[in-house]
Amino acid sequence: MLFAPKLKDRNMSPPPVTRNLSGSTAIHQKSDHLSPGHPLEAATGDVYLDDMLVLKFLNLSLLILYPIAWFAPLMRAGLLPLFGLSEISVISGLQSLWSSDVFLALVVTVFALFAPYLKTIGLALLHFKLLSPRTEPALGLLGKLAMADIFLIALYVTLFKGIGIGKIEVAWGLYLFTTLIVTSILISWKTQQLRKR
C-alpha cells in the first residue's frame, strides 16, 4: 500500500491518484510550468527570440520597400492603345489628383502613404520595446486603412474597364504594394500571437 505524501500546507489539495488494472495506485504530480533552466524552457525562449528577430527584419525591410512601391507603376492606361500606355504610380497619381480633386488626393495620401508607413514605424517601436503594447489596436486600424487603398485602386480599374474606352493594364507595382500591405498585416498578427505566449 502506498501512502500519499505529506502536504506542506493544509490548504493544498492532494495530488490526483489513479488505479491501474493491476490494482496498484499511482500518484501523478502536476507541474503548472517548467522550472527555470529546464531544457524545454530554454528551447521555447530561443524559438521566441528567433521568431521576433525575423519579424523585426521583415518589418524594417518594409521601410525600404514602401517608397519603391510608391514610385513603381501600378497600372498602364491610355485612350488609344496605338499611341502607347502611360504608367501610373502612387506618386504620379497623387500629383494629378492634387490638381483636380483635393479631397480624393487627401484620402489617397492618407491611405497609401501615411497609414502603412506609420504602422510600420509603430511596429518597429513596439518590437524594440519603445512603444506601449496598448497601441496595437491603433496599429491594426492603420493596416486596415492601408488595405482600403488597394480596394480603391481595384475599384478604379474595374470601372475603367467597364466603360470600355481605352485600355488599362495592371502593372507589377500594384502586386508589390499589395504584398507589402498583406505582409504588414501578417507581421502585426504574428506579433500579437507571440506576445500572448
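The values are calculated or read from the model by the stated rules, or taken from the named source; none is laboratory data. No experiment lies behind these values; they were computed from the predicted model shown. Here the Cβ is made from the backbone with ideal geometry for all residues, glycine too, and neighbour counts use every protein chain on show.
Residue check: is I121 closer than 23 Å to I91 by Cβ, among the hydrophobic types (A, V, I, L, M, F, W, C) and modelled with pLDDT of 90 or more? Yes. In the range 92-116, the residues that are more than 27 Å from L60 (Cα to Cα) reach residues that are assigned to a helix (DSSP H, G or I) and β-branched (V, I, T) with C-beta atoms within less than 8 angstrom, at least six apart or across chains, in these pairs: L97/V108. It is to be established whether one or more residues within the range 100-122 are basic (K, R) and surrounded by fewer than 16 Cβ atoms within 10 Å (Cβ to Cβ). Within the range 100-122, none of the residues are basic (K, R) and surrounded by fewer than 16 Cβ atoms within 10 Å (Cβ to Cβ). Scanning the range 33-92 for residues being polar (S, T, N, Q), at pLDDT 80 or above and either under 17 Å from Y175 (Cβ atoms) or out of contact with any helix residue (DSSP H, G or I) (no Cβ under 6 Å at 6 or more places or on another chain) (or both) gives a total of 4.
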